[in-house]
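Peer 1: Below: one structure in structure tokens.
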Amino acid sequence: MFQLRKSATACAVLNRVVCVPSLGTCLACALVGAWSIIGCAAQPVTSVATPSASVVTAPSGGLISPTPTTLSTPQMSIWSPLPAPTSLPTETPIPSTAEAQVVLEVWECLSSEPSRVLRQEAVAFHEQHPEATLTLQHCEDASTWSERLASGAVEGWHVLLGDATLLAALQRRGLLQPIEDLLTRRELAALVTPARIAATRGQHLWGLADTLGFHLLLYYRRDLMAVPPADVGTLTTLARSYYAPPERWGLVLNSYDPLWVIPWLGTCGEWLTDVRGRLTLDTPAMVRALGMYRDWHHPRRGIVPRVTHYTARQMFLEGQAAMLLDGDWALGELAQVPALDWAVATLPMVETPDCAATPLVAGRFWMVHRDLPLAVQRAAADWLRYVFAPERQVRWALRFNALPTHREALRDARLLENPHLRVSAQQMQTGRALPLDVDANTMLEAMRAPLRAVLDGSMTPAQAAQAMQQNAMRAHSATNAPHP
């Protein structure tokens, strides 16, 4: 997933992209890394009564889960990023039969329980495909491992599971096989749109999304609010109605992290990039989004002004705020808090009817090495079909909060009957991903300082939008410079 560093809150995107529970100190960083490992969402959604070790559970996973600093939250390493090994990953060979002719090397950096389940699946896969011996290699340190893989220092893999940052780096080096060479057009038609956009470059799909997440959701306390707001106007009205400072507020959020601004930029078609993948931060849409976000932080709006992710979460848990804007990683974390009566809703629409908020979505991807022998390619294709199967994706969703990427799995009754997963899946599908050319961590970091300047009053929204564009262009050029 991305190598974003997650904060306690953001730890949760895309290893879970599932690192939901866990998607770094800097939200931008957390975005990509922690969530990928699985990571982020290593804990399945449980009942409200499930006990937890602490009131605020730090995210897990490699999307990453350190406690946020005063300014930032999770890092975008969507769902636990791949841990980086100090040495080569340890390998767990799956027993083969005497007739087995093909060895498929599959490498991953999931957290312990998802990794264990994957080993069980490898055994089941071998039973279905006795001609192939699957060898799983697991690493313990995602960041180092990802760096070594991206640099070409580690070789021998056939199939990898990692975040978008690793996917983009390996694709730039020309090390990947297009997924459409392995799966049919009909099979790939089942892939949800954000998963396709996030792994596409140059008209080719370079990774098969295992899970998507890292999107924001609206959480509310049912002991304080019966029905969540459907639009931004109602949101601010409700926030003011609960306003009784300093003990009670209507809404609390992670003020200084750009991830919390992005959903309001994307309403009614605007986004961080245009249809050709070019950066579009210096636009009237961004100026409007920054202006609205700044106005939210006026003390009399009923929204807590300028707080960190940790403080926002604590205020919600202690009943000082009726509503909380937080990432999908919070689903598993809040479920661990005893006696907390809460529910989750999709983000409110913005004024114009049918203009839904569009949070950033990140993922964790299966990728295949190029130029493999034909027999190994066939085994890799069979493995991709196995992990992309709707039934398998539903099992992972119910166990690890890892949202499916197969359209049929997203319509499964078991997922729709789960109130948390149903809402999260709905929000994910209205969210948007960045194209593979654009690094999410880099993008968020480019937006961070100008956003702070807007909230502190030293920049206007227009000035901040211009600064964001300039920062992002410089960073993007450096990230996509030709590899020596």
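The values are calculated or read from the model by the stated rules, or taken from the named source; none is laboratory data. Quick caveat, the model's predicted, so the values are computed rather than measured. Here the Cβ is made from the backbone with ideal geometry for all residues, glycine too, and neighbour counts use every protein chain on show.
Peer 1: Restricting to region 372-390, what's the tally of residues that are of a type in the set (S, T, N, Q) and under 26 Å from the mean Cα position of the chain (by Cα)?
Peer 2: 0
Peer 1: I would also like to ask the following. Counting only residues that are more than 21 Å from the chain's Cα centre (by Cα) and part of a loop (DSSP other than H, G, I, E, B), how many does region 160-196 have?
Peer 2: Of the residues in region 160-196, 9 are more than 21 Å from the chain's Cα centre (by Cα) and part of a loop (DSSP other than H, G, I, E, B).
Peer 1: To continue, here is another question. Working only within region 409-425, note down all residues that are of a type outside the set (D, E, K, R) and either assigned to a helix (DSSP H, G or I) or closer than 18 Å to ALA362 by Cβ (or both).
Peer 2: Applying the first criterion (of a type outside the set (D, E, K, R)) to region 409-425 yields 409-410, 413, 415-416, 418-421, 423-425.
Of everything in region 409-425, those that are of a type outside the set (D, E, K, R) and either assigned to a helix (DSSP H, G or I) or closer than 18 Å to ALA362 by Cβ (or both) turn out to be ALA409, LEU410, ALA413, LEU415, LEU416, PRO419, HIS420, LEU421, VAL423, SER424, ALA425.
Peer 1: Take the residues of region 289-322 that are among the basic types (Lys, Arg) and on the phi < 0 side of the Ramachandran plot: which is surrounded by the fewest Cβ atoms within 10 Å (Cβ to Cβ)?
Peer 2: Going through region 289-322, the residues among the basic types (Lys, Arg) turn out to be 294, 300-301, 306, 313.
The next check asks that each one be on the phi < 0 side of the Ramachandran plot; those that pass are 294, 300-301, 313.
Values: ARG294: 19, ARG300: 9, ARG301: 17, ARG313: 28.
Only one residue fits best here, namely ARG300.
Peer 1: Taking region 434-460 as the region of interest, how many residues are of a type outside the set (Lys, Arg), crowded, with 18+ Cβ neighbours inside 10 Å and farther than 17 Å from ALA164 by Cβ?
Peer 2: We begin by selecting, within region 434-460, every residue of a type outside the set (Lys, Arg); these are 434-447, 449-451, 453-460.
Restricting the remaining residues to those that are crowded, with 18+ Cβ neighbours inside 10 Å gives 434-447, 450-451, 454-455, 459.
Keeping just the survivors that are farther than 17 Å from ALA164 by Cβ gives 447, 450-451, 454-455, 459.
Summing the residues that are of a type outside the set (Lys, Arg), crowded, with 18+ Cβ neighbours inside 10 Å and farther than 17 Å from ALA164 by Cβ in region 434-460 gives 6.
Peer 1: Looking at region 370-408, which of its residues are in contact with a helix residue (DSSP H, G or I) (Cβ under 8 Å, 6 or more places away or on another chain), more than 19 Å from PHE125 (Cβ to Cβ) and not in a loop (DSSP other than H, G, I, E, B)?
Peer 2: Within region 370-408, ALA397, LEU398, LEU403, GLU408 meet the criteria.
Peer 1: Mind checking whether some residue in region 196-208 is closer than 30 Å to GLU351 by Cβ, modelled with pLDDT of 95 or more and not hydrophobic (A, V, I, L, M, F, W, C)? Working first, answer last.
Peer 2: Residues of region 196-208 that are closer than 30 Å to GLU351 by Cβ, as a first pass: 196-198.
Okay, now just the ones that are also modelled with pLDDT of 95 or more, so 196-198.
With not hydrophobic (A, V, I, L, M, F, W, C) added as a condition, the list becomes 196.
Yes, region 196-208 has at least one match.
Peer 1: Sticking with this one: Please verify whether region 215-231 includes one or more residues that are within 20 Å of ASP437 (Cα to Cα) and in a strand (DSSP E or B).
Peer 2: No - not one qualifying residue is present in region 215-231.
Peer 1: Next question. If I go through region 312-353 residue by residue, how many of them are among the charged types (D, E, K, R), over 15 Å from GLN426 (Cα atoms) and either touching a helix residue (DSSP H, G or I) at 6+ places or on another chain (Cβ under 6 Å) or in a loop (DSSP other than H, G, I, E, B) (or both)?
Peer 2: Number satisfying all stated conditions: 3.
Peer 1: Let me spell it out: the conditions are (1) under 30 Å from THR308 (Cβ atoms); (2) crowded, with 21+ Cβ neighbours inside 10 Å; (3) not hydrophobic (A, V, I, L, M, F, W, C), and PRO419 meets all of them except one. Which number is the exception?
Peer 2: Status for PRO419: all satisfied but (2).
Peer 1: Return the residue satisfying two criteria in turn: it lies in region 124-150 and is in contact with a strand residue (DSSP E or B) (Cβ under 8 Å, 6 or more places away or on another chain) and among the β-branched types (Val, Ile, Thr), and of such residues it is farthest from LEU161 (Cα to Cα).
Peer 2: Here the answer is THR133.
Peer 1: Output the residue which, of all residues in region 153-170 that are in contact with a strand residue (DSSP E or B) (Cβ under 7 Å, 6 or more places away or on another chain) and closer than 20 Å to ALA375 by Cα, is surrounded by the fewest Cβ atoms within 10 Å (Cβ to Cβ).
Peer 2: By that ranking, first place goes to GLY156.
Peer 1: I'd like to know if region 354-369 contains one or more residues that are part of a helix (DSSP H, G or I), farther than 30 Å from LEU317 by Cα and among the hydrophobic types (A, V, I, L, M, F, W, C).
Peer 2: Here is the first cut: in region 354-369, the residues part of a helix (DSSP H, G or I) are none.
Checked against the condition, which is being part of a helix (DSSP H, G or I), farther than 30 Å from LEU317 by Cα and among the hydrophobic types (A, V, I, L, M, F, W, C), region 354-369 yields no hits at all.
Peer 1: For region 180-196, which positions are among the hydrophobic types (A, V, I, L, M, F, W, C) and surrounded by fewer than 24 Cβ atoms within 10 Å (Cβ to Cβ)? Outline the logic, then answer.
Peer 2: So in region 180-196, the residues among the hydrophobic types (A, V, I, L, M, F, W, C) come out as 182-183, 188-192, 195.
Once the filter is applied, which keeps residues that are among the hydrophobic types (A, V, I, L, M, F, W, C) and surrounded by fewer than 24 Cβ atoms within 10 Å (Cβ to Cβ), region 180-196 yields LEU182, LEU183, LEU188, ALA189, ALA190, LEU191, VAL192.
Peer 1: Being assigned to a helix (DSSP H, G or I), out of contact with any Cys (no Cβ under 6 Å at 6 or more places or on another chain) and more than 19 Å from ALA381 (Cα to Cα) is the filter here; which residues of region 121-159 pass it? Even if it seems obvious, please write down each step before you answer.
Peer 2: Looking only at region 121-159, we keep the residues that are assigned to a helix (DSSP H, G or I), and these are 121-128, 142-151.
In the following step, the residues that additionally are out of contact with any Cys (no Cβ under 6 Å at 6 or more places or on another chain) were identified as 121-128, 143-144, 146-151.
Within region 121-159, SER143, THR144, SER146, GLU147, ARG148, LEU149, ALA150, SER151 qualify.
Peer 1: Please go through region 284-340 and give me each residue that is among the β-branched types (Val, Ile, Thr) and in contact with a Ser or Thr (Cβ under 7 Å, 6 or more places away or on another chain), ordered by number. Outline the logic, then answer.
Peer 2: Here is the first cut: in region 284-340, the ones among the β-branched types (Val, Ile, Thr) are 287, 303-304, 307-308, 311, 337.
Selection gives VAL307, THR308, VAL337.
Peer 1: Could I ask something else about it? Tell me, yes or no, whether region 334-341 has at least one residue that is hydrophobic (A, V, I, L, M, F, W, C) and touching a Pro at 6+ places or on another chain (Cβ under 9 Å).
Peer 2: So in region 334-341, the residues hydrophobic (A, V, I, L, M, F, W, C) come out as 334-335, 337, 339-340.
Now drop any that are not touching a Pro at 6+ places or on another chain (Cβ under 9 Å), which leaves 335, 337.
Yes - at least one qualifying residue is present in region 334-341.
Peer 1: Moving on. Kindly establish whether LEU235 is within 25 Å of GLY457 (Cβ to Cβ), out of contact with any helix residue (DSSP H, G or I) (no Cβ under 8 Å at 6 or more places or on another chain) and surrounded by 19 or more Cβ atoms within 10 Å (Cβ to Cβ). Write out each step before concluding.
Peer 2: Values: within 25 Å of GLY457 (Cβ to Cβ): yes; out of contact with any helix residue (DSSP H, G or I) (no Cβ under 8 Å at 6 or more places or on another chain): yes; surrounded by 19 or more Cβ atoms within 10 Å (Cβ to Cβ): yes.
Yes, satisfied.
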